[in-house]
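The values are calculated or read from the model by the stated rules, or taken from the named source; none is laboratory data. Nothing here was measured: the structure is a model prediction, and the numbers come from that model. In this analysis, Cβ positions are derived from the backbone assuming ideal geometry, glycine residues included, and neighbour counts consider all displayed protein chains. Accessible surface is based on the protein model in full, side chains and every heavy atom, while ligands, DNA and RNA are left aside. Shrake-Rupley method; radii C 1.70, N 1.55, O 1.52, S 1.80 Å.
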Amino acid sequence: MSITDSLQPADQVNALLDGGLRMLITSIVDNAGITRAKSVPAQRLRIAARDGVGLSPVFAIMCTDDGVTSSPAVNGPVGDNRLIPDLAAAAPLGPDHTVFWAPADQLSQDHEPIDICQRAALRRQAERAVAAGLDVKLGFELEFTVFTGDPGDPQVATLGPAYGVLATLKLEDFAVELLEALDAAGVPAEQLHPEYAQGQFEVALPPASPVTAADQSQLARLVVHRVARRHDLLVSFAPITVAGSVGNGAHIHFSATLNGVPFGDGGGPSEHARHLIAGVLAEVDGLTGVLAPSVVSADRRVPGNWAGAFACWGPENREAALRYVPGSITSRPDSANCEIKIGDPSGNAYLSAAAVIASALTGLERKTVLPAGVDHDPATYSDSERERMGVRRLPRTLEDALVALEGSTVIRGALGEAIVDPFLAVRRHDAEALGALSLEDRVRALRWRY
Ligand code: GLU
Ligand code: MG
């Protein structure tokens, strides 16, 4: 909960200024998954809140390497939009309460909605879900790698063992300050732990309604970067940060009550949850194009890495794209959810969440039947056994994932052509510019972009 979310706009500005604000950063996440920002000083806050700040539409076609591609949806460098900070969601980036952040909506110069705005696309799907009687909650898990040294020659900050306490102790000061800063920002971590790879950590965010959850994933990433800098550490949210290591996921825990009926039903998904999960499963290839769209994403999505490489669902199955989590006996059924494991941090959280909700809703509308869950590692079955069970690998290349996205009427319809067309152009530019490089060089090209 933000300190301003129940206040009128003028009071929001006053509360932020009284709260110590010296600079407001307002940002969007673009179609390359990169956070692009503008900042205003305290004395401009009132005007920025009313008028917004200028933003070229070209940001919709800006690529991971900062190259600018083209799309019929965007008229190149001509035109201007407004970036309007949503002060109801404003938060300090730490307990010092000097630098605040707010997510921005993109509006026209006449302050009308525009169809290239990724946050608006999520809001539309969230509203659709509410109209269908659903109370959707999303919880993001953010994995990242911590480095020391020079960005040109970074060294992982911890040497394991995997999930080992020594990694926590090595970065104890960073860890404590990070948890406190997340708390001050209004996005208290559920937990922080060392992950499998050297230097790798994960912070799990609490479940929240869709737009808030996507905002908070953006906010939490900024806080992680900011605290790291104060400790002379470097952080990367790229999907792979060290060639040959397991990658960083950005899993989304999805759940929804339907007219108050919980998502979980004893040990398994309830009836509406089965349709929702089936809807996500039906679109899983196209979703891969939205949720894991970088030139190293397919390298992360390999069997054995717990990155959900197989198109199937399964109870507590970490090798399935969709892991059903029933929750422990004391928290069931309220904590039941479906962990969507395909995503990585190169996706745009707003688009990822919007595409997931649209797919789930379509499953509910069509009463899509959920196939049997897979309760073993799919890699342990033979090809013919997997074929019999209807289990396949997710797309193995970025292009295959983008083609699946292009072919998904459900996702295209939900996000709209004005987003999907530029999105595909951006990701294909990346594929052309970087796709032929060695994994080491692709990793190097993306490491400090996220
Ligand atoms: N690092 C894995 C990934 O890339 C996830 C590990 C886990 O299950 O938390 O998705
Ligand atoms: Mg993890």
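For the range 179-210, give me each residue that is closer than 18 Å to GLU339 by Cα and more than 16 Å from ligand 1 (Cβ to nearest atom).
Matches in the range 179-210: PRO206, PRO207, ALA208, SER209, PRO210.
Among the numbered criteria (1) away from ligand 2 (no atom under 16 Å from the Cβ); (2) out of contact with any Cys (no Cβ under 6 Å at 6 or more places or on another chain); (3) open to solvent by less than 10 Å² (accessible area, probe 1.4 Å), which single criterion is violated by TYR324?
Going through the list (1) away from ligand 2 (no atom under 16 Å from the Cβ); (2) out of contact with any Cys (no Cβ under 6 Å at 6 or more places or on another chain); (3) open to solvent by less than 10 Å² (accessible area, probe 1.4 Å), TYR324 breaks only (2).
Of these, ASP110, ASP135, which one is open to solvent by 10 Å² or more (accessible area, probe 1.4 Å) and farther than 25 Å from LEU291 by Cα?
Going through ASP110, ASP135 in turn, the sole match is ASP110.
To keep it simple, each residue is scored yes or no on (1) open to solvent by less than 70 Å² (accessible area, probe 1.4 Å); (2) at pLDDT 95 or above; (3) part of a helix (DSSP H, G or I).
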{"site": "LEU122", "(1), (2), (3)": "yes, yes, yes"}
{"site": "LEU142", "(1), (2), (3)": "yes, yes, no"}
{"site": "VAL146", "(1), (2), (3)": "yes, yes, no"}
{"site": "LEU159", "(1), (2), (3)": "no, yes, no"}
{"site": "GLU177", "(1), (2), (3)": "yes, yes, yes"}
{"site": "ASP183", "(1), (2), (3)": "no, yes, yes"}
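Filtering the range 67-87 down to residues that are on the phi < 0 side of the Ramachandran plot and open to solvent by less than 30 Å² (accessible area, probe 1.4 Å), which residue is modelled with the lowest pLDDT?
This residue is VAL74.
For the condition open to solvent by 30 Å² or more (accessible area, probe 1.4 Å), within 20 Å of the chain's Cα centre (by Cα) and modelled with pLDDT of 95 or more, what is the one hit in ARG300, ARG226, ARG230? Working first, answer last.
Values: ARG300 fails: open to solvent by 30 Å² or more (accessible area, probe 1.4 Å); ARG230 fails: within 20 Å of the chain's Cα centre (by Cα).
Criteria check complete, one pass: ARG226.
Report whether or not ARG229 is away from ligand 2 (no atom under 16 Å from the Cβ), basic (Lys, Arg) and on the phi < 0 side of the Ramachandran plot.
Answer is yes for this residue.
Check THR64 against each of (1) more than 24 Å from the chain's Cα centre (by Cα); (2) at pLDDT 95 or above; (3) farther than 21 Å from ASP215 by Cβ; (4) assigned to a loop (DSSP other than H, G, I, E, B) and name the one condition it does not meet.
Of the numbered conditions (1) more than 24 Å from the chain's Cα centre (by Cα); (2) at pLDDT 95 or above; (3) farther than 21 Å from ASP215 by Cβ; (4) assigned to a loop (DSSP other than H, G, I, E, B), the odd one out for THR64 is (1).
Answer yes or no: is there a residue in the range 336-357 that is free of Cβ contacts under 8 Å to residues at least 24 places away in the same chain and surrounded by fewer than 24 Cβ atoms within 10 Å (Cβ to Cβ).
The answer is no; no qualifying residue exists.
So, in the range 262-278, how many residues would count as being open to solvent by less than 40 Å² (accessible area, probe 1.4 Å) and under 17 Å from LYS137 (Cα atoms)?
Initially, the range 262-278 is screened for residues open to solvent by less than 40 Å² (accessible area, probe 1.4 Å), giving 263-264, 268-270, 272-273, 275-278.
Now narrow it down to the ones that are under 17 Å from LYS137 (Cα atoms): 263-264, 269-270, 272-273, 275-277.
Counting residues in the range 262-278 that are open to solvent by less than 40 Å² (accessible area, probe 1.4 Å) and under 17 Å from LYS137 (Cα atoms) gives 9.
Can you tell me which of (1) part of a strand (DSSP E or B); (2) without any contact (Cβ under 8 Å) to a residue 12 or more places away in the chain is the one THR257 doesn't meet?
With respect to (1) part of a strand (DSSP E or B); (2) without any contact (Cβ under 8 Å) to a residue 12 or more places away in the chain, THR257 is out only on (2).
Taking the range 248-272 as the search range and keeping residues that are of a type in the set (S, T, N, Q) and over 21 Å from GLY308 (Cβ atoms), which one is farthest from ligand 2 (Cβ to nearest atom)?
Once the filter is applied, the top-ranked residue is ASN259.
Restricting attention to the range 435-450, report how many residues are hydroxyl-bearing (Ser, Thr, Tyr) and buried (at least 17 other Cβ atoms within 10 Å of the Cβ).
1
Look at GLU432 and say whether it is free of Cβ contacts under 8 Å to residues at least 24 places away in the same chain, acidic (Asp, Glu) and exposed (fewer than 14 other Cβ atoms within 10 Å of the Cβ).
yes
Do any residues in the range 405-422 that are modelled with pLDDT of 95 or more have Cβ atoms under 6 Å from those of residues that are of a type in the set (Lys, Arg) and surrounded by 14 or more Cβ atoms within 10 Å (Cβ to Cβ), where the two are at least six apart or on different chains, and which pairs are they?
Going by the 6 Å Cβ cut-off, the qualifying pairs are VAL420/ARG412.
Can you tell me which residue is nearest to ligand 2 (Cβ to nearest atom) among those in the range 186-204 that are open to solvent by 10 Å² or more (accessible area, probe 1.4 Å) and assigned to a loop (DSSP other than H, G, I, E, B)?
GLU195
Any residue in the range 227-252 that is within 14 Å of ligand 1 (Cβ to nearest atom) sitting within a Cβ distance under 8 Å of a residue that is open to solvent by 40 Å² or more (accessible area, probe 1.4 Å) and polar (S, T, N, Q)? List the pairs, counting only those 6 or more apart or interchain.
Within 8 Å, the pairs are VAL242/GLN198; SER245/GLN198; VAL246/ASN305; GLY247/ASN305.
Do we find that ALA208 is modelled with pLDDT of 95 or more and more than 16 Å from ligand 2 (Cβ to nearest atom) in this structure?
Spelling it out, ALA208 is indeed modelled with pLDDT of 95 or more and more than 16 Å from ligand 2 (Cβ to nearest atom).
Which numbered condition in (1) closer than 17 Å to GLY54 by Cβ; (2) open to solvent by 60 Å² or more (accessible area, probe 1.4 Å); (3) at pLDDT 95 or above is the only one that VAL130 fails?
Checking VAL130 against (1) closer than 17 Å to GLY54 by Cβ; (2) open to solvent by 60 Å² or more (accessible area, probe 1.4 Å); (3) at pLDDT 95 or above, the one that fails is (1).
If you check every pair at least six apart or on different chains, which have Cβ atoms under 9 Å apart with a residue in the range 191-211 that is in contact (Cβ under 8 Å) with a residue 40 or more places away in the chain first and a residue that is among the polar types (S, T, N, Q) and near ligand 2 (Cβ under 9 Å from one of its atoms) second?
Cβ pairs passing all conditions: GLU195/ASN248; ALA197/ASN248; GLN200/ASN248; GLU202/ASN248.
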